[in-house]
1. Before we move on, is G519 at negative phi and at pLDDT below 95?
2. Report every pair of residues separated by at least 6 positions or lying on different chains whose Cβ atoms are under 8 Å apart, first residue within region 357-373 and crowded, with 20+ Cβ neighbours inside 10 Å, second of a type in the set (F, W, Y).
3. Scan region 204-260 residue by residue and report those that are charged (D, E, K, R) and farther than 21 Å from H334 by Cα.
4. Could you list, in sequence order, all residues of region 482-510 that are assigned to a strand (DSSP E or B) and either among the basic types (K, R) or in contact (Cβ under 8 Å) with a residue 40 or more places away in the chain (or both)?
5. Tell me yes or no: at least one residue of region 139-150 is in contact with a strand residue (DSSP E or B) (Cβ under 8 Å, 6 or more places away or on another chain) and at positive phi.
6. Would you be able to tell me the number of residues in region 625-634 that are free of Cβ contacts under 8 Å to residues at least 60 places away in the same chain and not β-branched (V, I, T)?
Amino acid sequence: MPMLLDDTRFLLTRATSTLRRMLASLRTRGLSQTLERVHQRLGSQLARRAPAQPLWLPASQPFAPFAVPTSDAPQASIVIPVYGQLQMTLDCLRALAAQPPQLSIEIIVVDDGSPDDTAQVLPQVEGLHYHLRARNGGFIAACNDGAALARGEFIIFLNNDTLPQPGWLEALLATFTTHPDTGLAGAKLVYPDGRLQEAGGVVFADGSAWNYGRFDSPDDPRYTYVREADYLSGAAVAIPRALFNRIGGFDTRFAPAYYEDTDLAFAVRAAGLKTRYQPASVVVHREGATAGTDEKTGVKAYQVRNAVVFAEKWRTALAGQFAEREAPSPASLHAKQRQILVIDTLTPKADRDSGSLRLVNLMQLLQAEGAHVCFVAADAAFVPEYTPALLSLGIEVWHAPFIKRFPQFFKAHGKRFDVVMLSRHYVGDQFVPLVRRHAPQARVIFDTVDLHYLRERRGAETSGDALMRKQSHATQALELAVMRASDTTLVVSPVEREELAREAPDVKVEILSNLHQLGGAGAAFEARRDLLFVGGFHHPPNVDAVQWFADEVFARVRAQLPDVQFHIVGIDPPPQVQRLATQPGIIVHGHVPDLLPLLEGSRIALAPLRYGAGVKGKINQAMAHGLPVVATTMAVEGMHLRDGVDVLVGDTPEAFADAVARLYGDGALWQALATHGLANVQQHFSLDAARATVRRVFFDDAP
């Protein structure tokens, strides 16, 4: 009965919130654009699941000569130890040949004295570096021999009973770029029937180990994010060659085989680096094809013996492992970290809007401070490109079909979270009751993103719309109610904090503004040209801004700068923005995936906003790349910017046009604004600037 009540209350609140937002959209965007947004959201709901990725399983074939990729200057050396099982080896090599990695590699097969035709057949594979050992020494000896022959920056140890899937190596090595403190990276291992074999391993205090996720769905959110692991199966791992040599390779105490991969992971951590499971690297592993599965006979019996050797060697390190041998879960795997749940309306798209960029940077800052971050979108959608981007950062993301009902999700997971952050008031309105019921221990943080009621009120004042003004009052009542139901409210500027000090003095408010990584200075003044506006067009103030500039300001600019062009960049420009491209000198680009060339090649960024709230990411983004800005007073509100020092400000068409023309022709002024703009971002809007606030809000347990 309680779950039924939770479901009913949640669905009613969501329906009411959706209706309220549709009515608001009708007032600000009109019928056609509102219907388009509804269509997009419905499409997202219908395509919420991750696209099915069938395994690539090439059929075994009798031997005929073929070639494998090779390079004289390999970035990666793939070492494959073999002992018999020629057909398995050929299948693996053919897989590497048919779907070659998009980077330079060499493939080294170390034959440990195979009793079959391996020595006669493999030398016929063109491009293969074949090495026959003088005598059989076991898996560890073969791997160490292969590593000694390797020339690449990275060594990849790959079992011969594997079928690497397309893109496996690129994803595996990307771990070292995305997470520079990685010393060892391991692939997601799956059975040929599609079940998960291992998503990294867990080691308990007695030295025993657990293959995390065994026999589960490989798409389960528990197994799809980059994660530190106690050990990684040696069936498919990558390690920098210099590091492997520094730690002495595989420890021969574990010869001929077993526990050497677990020992390697512990040695990497002892060297001060991390071992990470990389789920985007998928390798089919026909487990036990070479050594079998019986731990009482053959080579497999060494697994039992070596468990004792391992436990003795790493006795001190094992004291910090979990003592109880029970099924691991995200709750237990991250029990030593602060676990933070973040819920927003949609999956953030950091290259498309400043709110998404701020959220992604905040989650990364939380990780840098030691937290484990779990993200859930209120639509529970898996978004191709953007959900995987979060997973690659090590953010645990839950989505359909693994979330069926949010009350169920909170009942299963609520008790593990120390903090729950809810972004936007309509998300908070829906989820606060669930959080309070199922995660009573969690601190609830309400992230306004911007004060929606303030933006609506200013929009009403600009347009003279009385109904929109009334709507802003309703939004204010709802927004303040969510604040009072939360422990802390985040705003992005001192202006908004002052607004809440007047309207809701009982609410605890903290400023957490936009978060930006500093870019480079870009091209010099003389090499730059034209004007740039960047802003998503789901946001009505951006639509109004470019229309006002195009209709009221641009002709005045062109009168002084006849050849200058105005570039408009932003997702989903509506018809009234697209029509601006008919005016001479105006180019409407729509969404531009890589903004860097425009940011580093334009001469001036524009922020001609007439209403809005919060802090303007378009200004931060431009200044973070050394691009000076001309803006309105509304646009620079709460951003610590000084007219004539960090930015030029104009509020009338004449003043705005004159500021653009002045800055466009004055190299000294341009350089001064570029320098001061970068300093402003560093001081007020960088990750370092936000670190103290993040620690206080998310990590300080004091009341």
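1. Numbers: at negative phi: yes; at pLDDT below 95: yes.
Yes.
2. Taking only residues 6 or more apart or on different chains, the pairs are M363/F375; L366/F698; A371/F698; A371/F699.
3. Filtering region 204-260 for residues charged (D, E, K, R) gives 206, 214, 216, 219-220, 222, 227-228, 230, 241, 246, 251, 253, 260.
R241, R246, D251, R253, E260 - these are the residues of region 204-260 that are charged (D, E, K, R) and farther than 21 Å from H334 by Cα.
4. Within region 482-510, the first condition is being assigned to a strand (DSSP E or B), and the residues that meet it are 488-491, 509-510.
Once the filter is applied, which keeps residues that are assigned to a strand (DSSP E or B) and either among the basic types (K, R) or in contact (Cβ under 8 Å) with a residue 40 or more places away in the chain (or both), region 482-510 yields T488, T489, L490, V491, E510.
5. Step one: filter region 139-150 for residues in contact with a strand residue (DSSP E or B) (Cβ under 8 Å, 6 or more places away or on another chain), giving 139, 142-143, 145-147, 149-150.
Narrowing further to those that are at positive phi: none.
Within region 139-150, none of the residues are in contact with a strand residue (DSSP E or B) (Cβ under 8 Å, 6 or more places away or on another chain) and at positive phi.
6. Of the residues in that region, 2 qualify.
Rundown of residues vs (1) in contact with a Ser or Thr (Cβ under 9 Å, 6 or more places away or on another chain); (2) among the β-branched types (V, I, T), yes/no style:
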| residue | (1), (2) |
| --- | --- |
| Q75 | yes, no |
| M88 | yes, no |
| I105 | yes, yes |
| T118 | yes, yes |
| V121 | yes, yes |
| L128 | yes, no |
| F139 | yes, no |
| A142 | no, no |
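Each row is one residue, and each column tells you yes or no for (1) assigned to a helix (DSSP H, G or I); (2) crowded, with 20+ Cβ neighbours inside 10 Å; (3) out of contact with any Pro (no Cβ under 6 Å at 6 or more places or on another chain).
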position: I80; (1), (2), (3): no, yes, yes
position: Q87; (1), (2), (3): yes, no, yes
position: C92; (1), (2), (3): yes, yes, yes
position: L122; (1), (2), (3): yes, yes, yes
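The values are calculated or read from the model by the stated rules, or taken from the named source; none is laboratory data. Worth saying up front: this structure is predicted, and the values here are computed from it rather than measured. Ideal geometry is used to build each Cβ from the backbone, glycine not excepted, and the neighbour counts take in all protein chains shown.
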